[in-house]
Amino acid sequence: MPSLTLDGIDRKLASLLQTAFPFTVEPFADLGLQLGIRGEEVISRIEGLKEAGIVRQIGPVLDARSLGYRTTLVAMRLAEDRLDEAARIIAEHPGVSHAYERNHHFNFWFTLAIPPVTDFDAELKQLAADINPEAIFSLPAVKMFKLRAYFAMDEGSQAAVDSGIQSGEFVPQPFGLSESDRMIVNGLQQDLPLVPRPFDALAEQAGMILDDFLVHCRMLQQSGVIRRFGAAINHKRAGFKANAMTCWMAPPEIVDAAGEKLAALREVSHCYERQTNPLWHHNLFAMIHHDSAEGCRQIADRVAAETGLGDCIMLFSTREFKKVRVRYQV
């Protein structure tokens, strides 16, 4: 994969692609207005970011709860010689977006989203039967403190990210989608083509004139069905070499304050309170990103000192098996 030397415009563009991609007739030209360049150059620079592996794709991040989907984090313990086969099975599952090997005796972790018509427990049992782990458990979220994967590549862009932090009880909140909404949601879930008017074909596919299509997109974003529209970034290629799933046993009286403290950190992309079980007693999870493992540890130590949290365990990813956006069929 080719390397790319990023200049200031590339870095600001990468930030805008994550936080401020517009639902407009010519979005790349509109991004160019903010950067002082033409739309054609914006497209060319995005092509370079893709070739360098920094930008994975441009598309919607959808709220699974609004679409009636159930989600969870799954952990497995696998023998070393079973990891590649498990990764192959997981890679083929449409409900898995992220899957990693982590440096822990529970060494295989993945996220799972299941549509409302599917039996959740049966799906987990089937995966366990297919993979045959030594141990498996599910850790559904109880409360979300932050769900905002953003990798700052230029200074002064954090305000837009902070304004996008979402939190609340993690329970299904189905949104009443119209038939037009459904066609838009299903059609949007692809890598946006790098052409001057990328939404034209999607509007035609939905049987709508472009202006109405874009209005519906903005409404879906305002309602929270579309949590964000923009670029998925390869964090390692963006300079964030280490990521640690950091877990604490947080007492009930401090879990909210600690979760809010973690959510305020720009180095934290995800933060949840999760259910526990006999195999896993840690209930507060935060995904910490930094340019080094030591940097992740320093952040965790600082949060523990400021909140009263006890010792944590930090599970660093050693291999990425899958990282995509789930396609939700509605």
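The values are calculated or read from the model by the stated rules, or taken from the named source; none is laboratory data. Keep in mind it's a predicted model, so treat the numbers as computed, not measured. Here Cβ is always computed from backbone atoms with ideal geometry, including for glycine, and neighbour counts include all displayed protein chains. In case anyone asks, the SASA skips ligands and DNA or RNA and just uses the protein heavy atoms, side chains included. Shrake-Rupley method; radii C 1.70, N 1.55, O 1.52, S 1.80 Å.
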**Study point:** All positions within region 175-188 that are in contact (Cβ under 8 Å) with a residue 24 or more places away in the chain and either open to solvent by 60 Å² or more (accessible area, probe 1.4 Å) or part of a helix (DSSP H, G or I) (or both)
**Key:** PHE175, SER180, ASP181, ARG182, MET183, ILE184, VAL185, ASN186, LEU188
Check your understanding: Conditions: (1) modelled with pLDDT of 95 or more; (2) in a loop (DSSP other than H, G, I, E, B); (3) exposed (fewer than 15 other Cβ atoms within 10 Å of the Cβ). VAL171 meets all but one. Number of the miss?
Key -> (1)
Check your understanding: Of the residues that sit in region 248-293 and are polar (S, T, N, Q) and more than 22 Å from the chain's Cα centre (by Cα), which one is most open to solvent (accessible area, probe 1.4 Å)?
Key -> THR276
Review point. Among the numbered criteria (1) open to solvent by 40 Å² or more (accessible area, probe 1.4 Å); (2) within 30 Å of ASN103 (Cβ to Cβ); (3) without any contact (Cβ under 8 Å) to a residue 60 or more places away in the chain, which single criterion is violated by GLU204?
Key: (2)
